[in-house]
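> Starting off with a structure, shown below.
The values are calculated or read from the model by the stated rules, or taken from the named source; none is laboratory data. Not measured: the values here are computed from a predicted model. Quick reminder, even Gly has a Cβ in these numbers, built from the backbone with ideal geometry, and neighbours come from all protein chains shown. We work out accessible area using only protein heavy atoms, side chains counted, and drop any ligands, DNA or RNA first. Shrake-Rupley method; radii C 1.70, N 1.55, O 1.52, S 1.80 Å.
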Amino acid sequence: MSKRTVQFSIYRYDPDKDDAPYMQDISVELEPTDRKLLDALTKLKAKDDTLSYRRSCREGVCGSDAMNINGKNGLACLTDIDELKQPIVLRPLPGLPVIRDLIVDMTQFFKQYHSIKPYLINNDPAPERERLQSPEDREELNGLYECILCACCSTSCPSFWWNPDKFVGPAGLLAAYRFIADTRDQATNERLDNLEDPYRLFRCHTIMNCVDVCPKGLNPTKAIGKIKDMMVRRAV
Amino acid sequence: MSIPVLKFDAVIVGAGGAGLRSAIQLSEAGLKTAVLSKVFPTRSHTVAAQGGVAASLGNSEEDHWHWHMYDTVKGSDWLGDQDAIEFMVRKANECVVELEHYGMPFDRTDDGKIYQRPFGGHMSNFGEKPVRRSCAAADRTGHAMLHAMYQRNVKANTQFFVEWMALDLIRDSEGHVLGVTAMEMETGQVVIFHTRATIFATGGAGRIFYSSTNAFINTGDGLGMAARAGIPLEDMEFWQFHPTGVAGAGVLITEGVRGEGGILRNANKERFMERYAPNAKDLASRDVVSRAMTTEINEGRGCGVNKDYVLLDITHLDPNTIMKRLPGIREIGLQFAGVDCIKEPLPVVPTCHYQMGGIPTHYSGRVVTPQNGDYNTVVPGFYAAGECACASVHGANRLGTNSLLDLLVFGKSAGDSAVEDLKAGKAHRELPKNAAEQSLARIAALDSRKGGANVHETRLAMQRTMQNHAGVFRFGDLLKSGVEKILEVEKAARELEIKDKSMAWNTARTEALEMENLIEVAKATMLSAEARKESRGAHVRDDAPDTPEFPNGRNDAEWLKHTLFNPVDNSISYKPVNMQPLTVEPIALKTRSY
C-alpha cells in the first residue's frame, strides 16, 4: 500500500446546531500504514474534531465502532479501507435513534439483551471446586459466547427495525441460546417460556442479514432455529 | 451554577474486570452503588486479554500457590510486596472457581476441569520448569471473563451509569474522599456523585506510548484524578513491553501462543531465546524476552525490509490445535498482518502493554499514602484495584496471566473492604462548597480557549517522547532530555484548544480531558524513570549495566525501594518494599535468570 487520498461521504448530525442530518463529502490522505477504516476515521478526526463516533480496542473485540459502511453494517476497525468502493459512505447503524453523527442510542438493543436473563442460572449450592463440563459439552458454546454486542446483526434485521421493542433480535436470541446450550444452566424451561410469544422469538423470518454482517463470523439464525426446534419439541 | 448531587453509598469508577468484580461484592451486600464507565462495560479493555488467568489449580499437573508466589516475586525482580503477593496467589483458586460458577466458559480438560496452559515465568517447584497454570477460554479469556462478570452484575441488579466520564476526585479539608464529579457524555451534564466509598478501577494508561497494545480508552483517568487530588503515584517507571505485538499495528498476540509451543525466530531462522534464557527459552519472563528481541533487532538480525521485527512461528503446530486453542490469534494475524499463522510466521515487536505502577494501595484495596513517617496511612473512603492500583504485586515486571488475577483478587478485596467500612456506619461527610469547581473550570477553559494547543498533536508529541526516551532500553542522557521534553508537552497539555463546542456527545472534549490525565501519567513515568539509577525488571538503563557487583544492573543496597512520585511538586520520594509475607518465609533476594 502507498500514500493515497480516500473520498468519504459521512452522515453528520449535531442536535445542538443542525436542524437536520446531512451527508458531508470529505477526503483524507492516508499513510501506507493506514489499513483499516478506523485508521482513516482517526485521521479525519485529527482534521475535524467535531466528527463523532465510538471506538476503543481497534482490534474487533470490544464492539464499539459498529457502523453502516457502504450500505452494510460492520466494524470500522476490521474493515480494510482499500477494499471499499469510493466515496465510502458512512452512516450510523440503521433502526436506532441517532444521538450524533455515527453514534446511535443503543438503549433498545441492550434492553432486549437484558430481557433474556443473560446470566447463568444454577440454584444448586456452589461446590468448592469448578462444576465439571466435558470438552464436548463445552464445545456447544463455541459460536455463541464470542458475541461482542456490537449490534451489527440486530440493526441489519428488518424484523428488529419494525419491532425493536417486542422482537428480541438476533444478538439477544444468540445470547439466550448460549445459556440454554450450557450444561451448567438449569433454567431452560423458564428461558423457553420467556421467548414463547408471537414477537420475541417468532418474528425471526430467517432473512439471515445477521449472519451476513456478523464481524465475528457467528450465526444467530442457526441458534434461533435451535430454540424454535426446542419450542416445537416441547409442545408435542 | 448549581450542580446536581447524586447520593450513593459507593461509586465505582470503571467497569472493566476490577470494577465489575468489586461491584458484585457491593451489589450483593445490598449497598447503593453506582458504577461509572466511559464505555458500555463489556467494551472495557479487560475484554482484550487473551491467554488466561493464573491459579495453581493443578488440573493437569502438580502445582502449589507457594511456587506461584515464588515466580511472582522473582518476576517482579523482588520489587513486589511479598505480603500482597502471598495474599493474591492464595486467593487465586477461589476467585477463578467463582468465575466458573458465574458461568465463564473456560476450556476443559478431558475430565471436565478448567483447562490450563503454560505461560511465561510460571514454573513448578520454585523455578524448575514451566507449569500449566494459566486457566484459559481459548485465546479469549478476557472476553469470556468480562462478559461473565457483567452478566453476574445484571443478575445482582448493579446500577450502571454507562458512557459517563469521571472528571475529578472530591476530597475535603481533612483529606477524606467523598466521591467524584462526572460528565454524562451524551448531554455534557456534570454531576456530583456524593459517596461514602469511592473505588477506582480505571485501568492503565498504555496510550502514553506511541506503540501500544492498549485500547484508545486506556488514558489513565484514575491516575490523573488521583494526581490532581494530591495522591502520589507508585513505581511509575515500570512499564511492561509485551514481546509480541503485531509489527506496525500494535495489536496483542498472546503469550499463550508460546505457551502452546510457539517459537521466536530472527532473520536467520534461529531460535534466539535459547541464548538468552537457556532454561525457560521462549517462556521466559516478558521483560527478558522483549529485551532479547530488541537486542536481536538492534544487532541487525531483525526481519523484513527494514529488519525491524522478529517472527513468531507456530507453523509446526497441528492446525487443529491452532483452530481450537488460538482461533482469535489466527483472525488477528489475517486482519492485521495479512498472514495466516497456520502457514506463515507472524511479524512481532515488543509493544507497550501494561502499567506495573499506579495508585498505592494496601492488599485490602485501601489507598495508602505516606503521612507523618507512616508510609501506609489509609486515605479514608478511597479504594483502588486492577491496573490503576499498585498493591504492589507486579513490582518491576508482571508475569503474564497475573493481571487478570490481580483484577479479580483486588477487585474483590477492595469491594469487601468498602462493604466492611460502609457497614461500620458513618454518614456521608459534608461536601465542600467548591466540590465541582475544578471540573467546571477545566471544562469552561476547554470551551472558551482560543489559540491553544491541538489535542491530537499534543498527544502525538507525548507518545513520541515516551517511546523514544523511555522505551524497552533506557539511556541516562535520553531520560534526562526526556524529562525536559515531557515538561514542555505538559505546558501544551494545560492549554488545549478544541473546536467542537457542542454539548451533545462531544468526543473532542472527552479526548482533551483524557489528555490532561495522560500527561500526569507520562510525567510521573519519565521523572520516576530518570530518578531510578539502576536496572530492575522492565526498567533497564545503559548506565546501570550487568556487572559482577551488580548482576543485571540491579542494585539492592540502594534501590530495593518503591518510588513515590508526588504530583503536587514533581518531587520523588521512596518507601520500603515489604519483604515479609503473611505466613511463609520471605523469598530471599537472588539474581534473576530464566
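> Would you mind computing, in nm to one decimal, how far apart the modelled labels at B:Glu457 and A:Asp25 are, each placed 7 Å from Cα along Cα→Cβ?
Distance between label points: 2.9 nm.
> Filter the GluC sites (Glu not before Pro) in the stretch B:442-497 down to the DSSP loop ones having no more than 13 other Cβ atoms within 10 Å, then list what survives.
Listed in order of number, the matching sites are B:Glu495.
> Label B:Phe126 and B:Glu184 with points 7 Å out from Cα along Cα→Cβ: what is the distance between them in nm?
Once both label points are built, they end up 5.9 nm from each other.
> Which percentage, to the nearest 5, of the DSSP beta bridges contained in chain A is antiparallel?
If we restrict to bridges inside chain A, about 85 percent are antiparallel.
> Not counting ligands, DNA or RNA, and with a 1.4 Å probe, what is B:Lys590's accessible surface area in Å² rounded to the nearest 10?
110
> Taking 1 over the mean of 1/r across every pair of different Cα atoms in the stretch A:4-104, what Kirkwood radius in Å do you get?
With all distinct Cα pairs of the stretch A:4-104 included, I get 13.6 Å.
> Relative to the longest principal axis of chain B, what angle (0 to 90°, nearest 10) does the C-alpha long axis of helix B:507-531 take?
Approximately 60 degrees, to the nearest 10.
> Based solely on C-alpha atoms, express the radius of gyration and the Dmax of the stretch B:320-412 in angstrom.
Reported Rg and Dmax, both Å: 19.3, 62.
> Sum up the charges of everything whose Cβ sits under 9 Å from the Cβ of B:Asn517, counting Lys and Arg as +1 and Asp and Glu as -1, but leave B:Asn517 out.
In short, -3.
> Mind ranking B:Phe272, B:Phe161 by accessible surface for me, highest first, 1.4 Å probe?
Correct descending sequence by accessible area is B:Phe161, B:Phe272.
> Only residues of the stretch B:149-182 count here: report those whose backbone N is under 19 Å from the spot 7 Å along Cα→Cβ of B:Gln371, or say none.
The answer is B:169-180.
> Calculate how steeply helix B:286-298 sits against the longest principal axis of the alpha-carbon atoms of chain B, using the helix alpha-carbon long axis, and give the answer as 0 to 90 degrees to the nearest 10.
Here the helix axis deviates by roughly 70 degrees.
> Using Cα-Cα distances under 8 Å and only pairs 6 or more residues apart, what relative contact order does chain B have, in percent?
Relative contact order for chain B comes out at 21 percent.
> Taking the Cα atoms of chain B, report the difference between the largest and smallest coordinate on each principal axis, in whole Å and largest first.
The principal-axis extents, from largest down, are 67, 53, 48 Å.
> Taking the Cβ of A:Tyr199 as the center, what net charge do the other residues with Cβ under 12 Å away carry, scoring Lys and Arg +1 and Asp and Glu -1?
Around A:Tyr199, the surrounding residues sum to 0.
> If you check each cysteine of chain A for another cysteine whose beta-carbon is under 4.7 Å away, which ones come up empty?
Cysteines of chain A left without a disulfide-compatible partner: A:Cys77, A:Cys147, A:Cys150, A:Cys152, A:Cys157, A:Cys204, A:Cys214.
> Rg and Dmax of the stretch B:262-399, using alpha carbons, in Å: what are they?
20.2, 62
> Mind listing which GluC sites (Glu not before Pro) in the stretch B:129-223 are in a DSSP loop and have 15 or fewer other Cβ atoms within 10 Å?
For GluC sites (Glu not before Pro) across the stretch B:129-223 that sit outside H, G, I, E and B with at most 15 neighbouring Cβ atoms in 10 Å, the list reads B:Glu174.
> Taking the Cα atoms of the protein assembly as shown, what is the range of coordinates along each of the three principal axes, in descending order and whole Å?
78, 64, 64 Å, listed from the longest principal axis down.
> How big is the shadow of the Cα convex hull of the stretch B:436-576, averaged over all directions, in nm²?
With the hull built on Cα positions only, its mean projection is 10.0 nm².
> Let me ask something additional. Applying 1/(1 + (r/R0)^6) with R0 = 56 Å to the Cβ-Cβ distance of B:Asn434 and B:Val305, what FRET efficiency is obtained, to the nearest 0.05?
For B:Asn434 and B:Val305, the calculated efficiency is 0.45.
> Give the accessible area for A:Thr206 in Å² (nearest 10); use a 1.4 Å probe, count only protein heavy atoms, and leave out ligands, DNA and RNA.
Around 80 Å² of this residue is reachable by solvent.
> Next up: Identify, among B:Ala453, B:Ala538, B:Phe565, the residue whose Cα sits farthest towards the positive end of the charge dipole of the stretch B:436-576, taking +1 on the Cβ of Lys and Arg and -1 on the Cβ of Asp and Glu, with the dipole about the Cα centre.
Toward the positive end, the furthest listed residue is B:Ala453.
> Could I ask something else about it? Could you provide, to the nearest whole Å², the per residue accessible area of the stretch B:436-576 with probe 1.4 Å?
On a per-residue basis, 40 Å².
> Of the listed pairs B:Lys7/B:Lys523; A:Lys36/A:Lys226; B:Lys269/B:Lys561; B:Lys91/B:Lys426; B:Lys281/B:Lys343; A:Lys216/B:Lys491, which have alpha-carbon separations greater than 32 Å here?
As for pairs spanning more than 32 Å Cα to Cα, those are B:Lys7/B:Lys523; A:Lys36/A:Lys226; B:Lys269/B:Lys561; A:Lys216/B:Lys491.
> Taking a virtual spin label 7 Å from the Cα of A:Thr107 along the C-beta vector, which residues in the stretch B:9-48 bring their backbone nitrogen under 17 Å of it?
B:40
> Summing both sides, how much accessible area is buried between B and A? Use a 1.4 Å probe and give Å² to the nearest 100.
Summed over both sides, the interface buries about 5100 Å².
> Still on this structure: Name the residues whose placed amide hydrogens come within less than 5 Å of the amide hydrogen of B:Ala389, ignoring near sequence neighbours (fewer than 5 apart) on the same chain.
For B:Ala389, the qualifying residues are B:Ile359.
> Turning to a different aspect of this structure: Heavy-atom accessible surface, probe 1.4 Å, ligands and DNA/RNA ignored: which residues of the stretch B:200-230 lose at least 30 Å² versus the isolated chain?
The answer is B:Phe216 - residues whose exposure falls by at least 30 Å² when every protein chain is included.
> Could you order A:Asp65, B:Asp556 so the one with the most accessible surface comes first? Probe is 1.4 Å.
B:Asp556, A:Asp65
> For chain A, which DSSP H helices look membrane-span-like by this rule: Cα extent along the axis of 15 Å or more and mean Kyte-Doolittle of at least -1.0?
In chain A, the long hydrophobic H runs are A:37-47, A:169-180, A:220-235.
> In peptide B:96-107, how many Cβ atoms from other protein chains are near each Cβ within 10 Å, on average?
For peptide B:96-107, the averaged partner shielding equals 6.
> About the Cα centre, and with charges only on the beta carbon of Lys, Arg (+1) and Asp, Glu (-1), how big is the dipole of the stretch B:69-124? Nearest 20 debye, please.
Computed about the Cα centre, the dipole is about 120 debye.
> Something else about it: Length gain on complete extension for the stretch B:Ala588 to B:Glu28, per 0.36 nm per residue less the alpha carbon to alpha carbon distance?
Full extension of this stretch gives 197.6 nm more.
> Note down the nm distance, to one decimal, between modelled labels 7 Å out along Cα→Cβ at B:Lys533 and at A:Lys43.
4.7
> On a full-extension model of 0.36 nm per residue, what is the gain between A:Thr183 and A:Asp212, subtracting their alpha-carbon distance, rounded to one decimal in nm?
7.6 nm
> Additional query: Solvent-accessible area of B:Val483, probe 1.4 Å, all protein chains present, reported in Å² to the nearest ten, please.
30
> Measure nothing fancy, just the Cα-based angle from helix B:437-448's long axis to the longest principal axis of chain B, in degrees from 0 to 90, nearest 10.
The two axes meet at around 80 degrees.
> Suppose we keep just the DSSP beta bridges with both residues in chain B; what percent of those would be antiparallel, to 5?
Within chain B, antiparallel bridges account for around 65 percent of the total.
> May I pose another question? Please compute, for peptide B:492-501, the average count of beta-carbon atoms on other protein chains lying within 10 Å of each residue's beta-carbon.
The shielding value for this peptide is 2.
> Could you name the lysines whose alpha carbon sits less than 21 Å from that of B:Lys155, not counting residues in the same chain fewer than 8 places away?
A:Lys111, A:Lys117, B:Lys32, B:Lys412
> Heavy atoms only, probe 1.4 angstrom, no DNA, RNA or ligands counted: give me B:His316, B:His122 ranked by accessible area, highest first.
The ordering from most to least exposed comes out as B:His316, B:His122.
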